[in-house]
Every structure is written in C-alpha cells, then in structure tokens.
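See below for the structure under consideration.
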Amino acid sequence: MESTISSAVTVRVNHQKKDRTMMKFYIFLTLTILLLLIAAFAPQIVPYDPYGQDLLKALQPPSPEHPLGTDRYGRDMLSRVIMGGQTTIYSALLLVGIVTVVGTLVGVLCGYKGGKIDSLIMRISDIFLAFPGMVFAIAVAGVLGGGIINAVVALACISWPKFARLARGQVLSIKNMPYIAAAKLSGSRPTKIVFKHILPNITGPILVTATLDIGTMMMELAGLSFLGLGAMPPIAEWGSMMSDGRSMLQTSPWVILAPGCAIFITVMLFNLLGDTVRDILDPKTKKAKLTWRRK
C-alpha cells in the first residue's frame with residue numbers, strides 16, 4: 001500500500017515537472033520566434049537608417065531620441081543593433097543548418113555502411129578534431145578572406161565532425177534492432193530504411209545538439225567578425241560592431257555594450273530553449289508522463 005502511494009506521488013511530481021517544462025518551452029519558443037521576426041523585419045522597423053551618417057551627432061550618449069546612443073559616425077545604435085540581428089542570427093542559423101545536415105548524413109552513412117568508408121571518414125574527422133576549433137576556423141577564414149559567407153564556411157569546416165560522430169553513434173545503437181532487420185527482410189532499399197526507420201529515431205539528440213549549438217555558433221561568428229575575418233564594415237553585425245567600438249570602451253561604452261548585450265541575451269535565449277527541448281525529449285520524462293496517463 002505504502003509503495004503504491006509513494007509511486008503515485010512520484011508520478012504526480014514527475015507530471016508536474018513535465019508541465020512546468022512545457023510551460024517554459026512555450027515561453028522560450030515564443031520569445032525566440034519574436035526575436036526571429038524582429039530580425040527578419042529589421043529594415044521595416046528600425047527607427048533610423050542604420051547606415052546613415054551624421055557626424056554632428058557622433059558619440060551621443062543614450063537619450064530619448066537615441067535610446068542606445070550613437071556611434072562615431074552618428075549612426076543610431078538601436079537601429080544598427082536591430083539590423084545587426086538579421087545578419088548575426090540568420091548567419092548562425094544558416095551555419096547550424098549546414099553542419100547539422102552535412103554531419104548527420106555523413107554520420108548515418110558511416111554508421112549504416114561501416115567498413116572502409118566509416119574508417120576513412122572517421123579518421124578525417126579525427127584530424128579536424130585534433131586542431132583547436134577556433135584556431136582552425138581563423139586559419140580557414142584567413143585563407144578565404146573576409147566576409148560573413150566565408151566565416152560561415154570556415155566554421156562549417158570545423159563543426160561537422162561533432163554531428164557526424166553523434167549521428168554515427170545513434171545509428172550504431174539501433175541498426176541491429178529487430179525492426180531494422182524486419183525492414184531488410186521485407187526487401188526495403190537502404191535509402192528507405194535510412195529515411196523511414198533510422199533518421200526519425202535519431203532526430204531527438206541531433207535536434208537538441210543543434211539548438212544548443214546556435215548560441216555557440218553565434219558567438220564564434222561574432223568572434224571572427226571581431227577579429228576582422230567575418231562581416232566587414234559598414235555591414236551591421238554584432239561582432240563587427242563590438243570590434244569597431246572597442247577603442248571607445250572607456251569614453252563611450254554604449255557603443256560596445258549595446259551589441260554585446262544583444263549577443264548575451266540572444267545566446268542565453270537559444271540556450272534556454274535548447275535546455276527545455278532536451279528536457280522534453282528526455283526518455284525518463286516521457287516514461288513518467290505515459291505512466292501517469294495509465295494511472
């Protein structure tokens with residue numbers, strides 16, 4: 001009797017925890033969508049021209065007219081931060097999308113086929129992982145030259161092995177399952193088995209990793225721009241804006257603090273969203289919810 005009551009209480013607690021997790025997920029998802037919409041419609045909602053210069057208003061502190069102040073060329077910082085969100089956020093999303101798709105496909109190929117292909121690609125990934133990631137990205141970006149696209153390519157070159165190894169490990173854990181063997185015996189082609197039976201079952205961990213990686217990729221892109229290897233002036237991009245204002249940290253701190261705070265808030269929001277996605281996809285949480293429904 002006591003064990004039954006204790007089990008019921010545990011299940012109820014887990015159910016309440018699941019409800020709180022779903023509530024946090026909806027809140028963070030709503031804030032993320034709002035942020036993406038602001039970035040997408042930045043040219044329509046900025047109060048001033050983010051590229052229009054007015055030297056008479058250079059380095060004005062925050063005021064009702066310019067809530068985040070102006071930079072050395074008299075450009076409104078609020079407008080440039082909003083416009084910079086479009087470049088920074090969507091470049092990071094593009095980067096994560098590329099490495100997720102490429103890394104997952106490579107990992108699935110290695111895990112399902114095995115043999116020499118698996119050994120060759122995994123040794124190549126070992127070579128990429130042997131170098132410090134950011135140092136290797138700086139070297140690649142330096143060879144390719146400046147520009148946000150080249151920065152995306154440089155970071156993609158060093159980021160795909162993580163997703164490849166994750167996908168490969170997931171495939172190795174399920175490719176000998178009975179339902180995969182049944183699909184093979186029924187005459188299903190390897191392509192159908194991969195896309196119908198394998199990919200749907202490994203999407204969870206990959207989705208969580210990709211969501212958590214958005215903030216990391218955003219900081220790395222901003223880092224390359226800060227070093228002059230990413231977005232080039234006068235393009236509004238948060239890392240480039242911080243680089244442009246670093247010499248004025250003591251005299252006009254708002255020039256570097258505005259894009260810095262934008263990066264901090266955005267990265268924190270994507271990380272919180274990734275954490276809640278991970279909690280939702282946690283098998284223990286799913287099992288607790290299923291048990292509660294049966295009760």
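The values are calculated or read from the model by the stated rules, or taken from the named source; none is laboratory data. The model shown is predicted, which means the values in this text are computed figures rather than measured ones. Glycine gets a Cβ as well: all are built from the backbone with ideal geometry, and neighbour counts include every protein chain shown. Calculation scope for accessible area: heavy atoms of the full protein, side chains included, ligands and nucleic acids excluded. Shrake-Rupley method; radii C 1.70, N 1.55, O 1.52, S 1.80 Å.
Data for the structure
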item: Relative contact order [Cα under 8 Å, 6+ residues apart], segment 46-143, whole percent; result: 17
item: Formal net charge of residues neighbouring residue 167 (Cβ-Cβ distance under 15 Å; K, R +1; D, E -1); result: +3
item: Ranked order, 197, 66 - accessible area, probe 1.4 Å, largest first; result: 197, 66
item: Label-to-label distance, nm, for residues given as residue 102 and residue 53 (7 Å Cα→Cβ offset); result: 3.7
item: Distance violations [Cα-Cα > 31 Å] among 18/196; 17/192; 162/196; 17/175; result: 17/192; 17/175
item: Listed residues 261, 110, 157 arranged by accessible area, highest first, probe 1.4 Å; result: 261, 157, 110
item: Percent RCO, i.e. relative contact order, over segment 209-264, from Cα pairs under 8 Å lying at least 6 residues apart; result: 26
item: Charge sum, other residues only, whose C-beta stays under 15 Å from residue 78's C-beta, Lys/Arg counted +1 and Asp/Glu -1; result: -2
item: Charge dipole (debye, nearest 20) of segment 66-156; +1 at Cβ of Lys and Arg, -1 at Cβ of Asp and Glu; result: 80
item: Kyte-Doolittle at least -0.5, axis length at least 30 Å by Cα - qualifying DSSP helices, the chain; result: 2-40, 77-113, 148-174, 199-226, 254-280
item: Kirkwood-based shape ratio for segment 125-174, expressed as Rg/Rh from alpha carbons; result: 1.11
item: Rounded to the nearest 10 Å², the accessible area of residue 195 at probe 1.4 Å; result: 130
item: Extent along principal axes [Cα atoms of the chain; Å; largest to smallest]; result: 75, 56, 31
item: Relative contact order of the chain, defined on C-alpha pairs under 8 angstrom at six or more residues apart (%); result: 24
item: The chain, helix-only ellipticity at 222 nm - DSSP H runs n ≥ 4, -39,500 (n - 2.57), divided by all residues, nearest 500; result: -25500 deg cm²/dmol
